[in-house]
Amino acid sequence: MDLSCDPARDERLHGLGEPGALSQASQGAGNAVFRGNKDRPALPPASEKEISAVQATLRPGLVAAVGFGGVVLIAWLMMFKPF
């Protein structure tokens, strides 16, 4: 099963893990995915081994840390009003 993604679109996702890993995992699980404004049809599900390999490249801790850091920054700005 080919789970390749569009390299131009994946440049934005590079800091979150392997480029396009989330859409690859979704597509590999048999879900329909969007590319731009086009709906791509669902493909047959990939094997458990292929899905596990794609999921291993995701970095949920990094995404959670960035989100938590943003909330802390906003709270700090609200409390101390440095500007």
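For the subset of the stretch 37-65 comprising residues that are of a type in the set (Gly, Ala, Ser) and either in a helix (DSSP H, G or I) or modelled with pLDDT under 85 (or both), which member is farthest from Ala21 (Cα to Cα)?
Checking each candidate, the answer is Ala65.
With aromatic (Phe, Trp, Tyr) and outside any helix (DSSP H, G or I) as the only criterion, which of Phe34, Phe68 stands out?
Of Phe34, Phe68, the one residue that is aromatic (Phe, Trp, Tyr) and outside any helix (DSSP H, G or I) is Phe34.
The values are calculated or read from the model by the stated rules, or taken from the named source; none is laboratory data. Treat the numbers as computed from the prediction; the structure is a model and nothing was measured.
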